[in-house]
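Chemist: Starting off with a structure, shown below.
The values are calculated or read from the model by the stated rules, or taken from the named source; none is laboratory data. None of these values were measured; they are calculated from a predicted model. Heads up, the Cβs are rebuilt from the backbone with ideal geometry, glycines too, and the neighbour counts pull from every protein chain shown.
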Amino acid sequence: MSSNEEPRGHWPSAPAYPPAGPAGGAPGGPRPGAPAHTASHRGAWIGAAATLVAAVIGVVGTYMVGTGNSNQAAPPPARTTTAPAGGEETHGDEGAPSDSSRSPESSAPADSPASPTSPTPAPTPAGKVQWQGALAIAYAEPKDLDSAPPEQSEINSDNDFSVYPFGSHMLRPESGAKVVVWETSGKVPSYQDCAGVVGTLATTTDMKLKTGLVVCALTNDGRVARLTVKELAGQASDTRGVFDVVVWSR
């Protein structure tokens with residue numbers, strides 16, 4: 001120690017540094033402990049940041065998956081194809097309910113409009129005049145009083161009365177028709193008068209005719225009639241009689 005240097009007394013001694021060189025590092029460089037301390041903190045920050053990013057990615061991914069599922073439209077039901085007997089294809093929904101599961105309102109057909117129908121004519125009341133007029137009945141030409149006007153029917157059993165000569169002009173009931181002479185003079189019998197006697201007094205027996213004779217008759221179809229003799233003519237095959245006839249409905 002030089003005499004010019006002041007004594008250090010109790011000052012602390014300077015810290016010892018490692019010698020310069022390859023082992024101690026370049027002069028003026030960082031201390032050996034500093035790099036290790038900085039690298040440790042940096043690794044911790046990187047790890048924390050990676051963890052945070054992973055958590056955020058997980059939350060965002062979960063939200064997107066949930067949102068996508070809720071907004072995605074339900075897939076349409078599968079459709080099936082069936083071929084009927086005629087060969088044409090028909091398509092139906094596989095998930096559609098069967099006819100048995102449908103409500104009566106949906107399965108019931110709509111009311112169809114009422115088809116127009118022709119009005120049914122009202123039946124003619126009994127006792128109403130069906131036909132009235134002059135009628136000629138000749139030999140071998142019987143007449144059907146149930147037709148209007150009365151005429152000879154091609155069906156022989158439908159004819160009611162014929163006129164033939166048997167020493168005089170005779171009226172013959174045909175096929176179950178009946179006849180009875182109206183005995184009350186001075187009165188033309190009405191429907192009620194004739195209906196009251198043909199059921200109990202009329203017969204199928206041949207009746208001799210004369211001009212002015214009035215008879216009540218019942219046809220083989222059940223109609224009441226009145227015949228008044230107006231004219232008698234001819235003999236044999238040309239025998240004929242002309243009558244004023246009224247036929248009432250049954």
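Chemist: If I filter the range 209-223 for residues that are within 14 Å of Y139 (Cα to Cα) and in contact with a Leu (Cβ under 7 Å, 6 or more places away or on another chain), do I get at least one hit?
Modeler: Yes: the range 209-223 contains one or more residues that are within 14 Å of Y139 (Cα to Cα) and in contact with a Leu (Cβ under 7 Å, 6 or more places away or on another chain).
Chemist: I would also like to ask the following. Is one or more of the residues making up the range 216-231 more than 16 Å from L145 (Cβ to Cβ) and buried (at least 17 other Cβ atoms within 10 Å of the Cβ)?
Modeler: No: the range 216-231 contains no residue that is more than 16 Å from L145 (Cβ to Cβ) and buried (at least 17 other Cβ atoms within 10 Å of the Cβ).
Chemist: Then there's this: Tell me the strands (runs of 3 or more DSSP E) entirely within the range 171-250 that contain at least 3 residues that are under 55 Å from the mean Cα position of the chain (by Cα) and under 17 Å from D160 (Cβ atoms).
Modeler: 224-233, 240-248
Chemist: Same structure, new question: Please count how many residues of the range 143-156 are outside any loop (DSSP other than H, G, I, E, B) and either modelled with pLDDT of 95 or more or crowded, with 19+ Cβ neighbours inside 10 Å (or both).
Modeler: So the count comes out to 3.
Chemist: Ok, one more. In the range 184-201, which residues are out of contact with any helix residue (DSSP H, G or I) (no Cβ under 9 Å at 6 or more places or on another chain) and not hydroxyl-bearing (S, T, Y)?
Modeler: G186, V188, Q192, D193, C194, A195, G196, V197, V198, G199, L201
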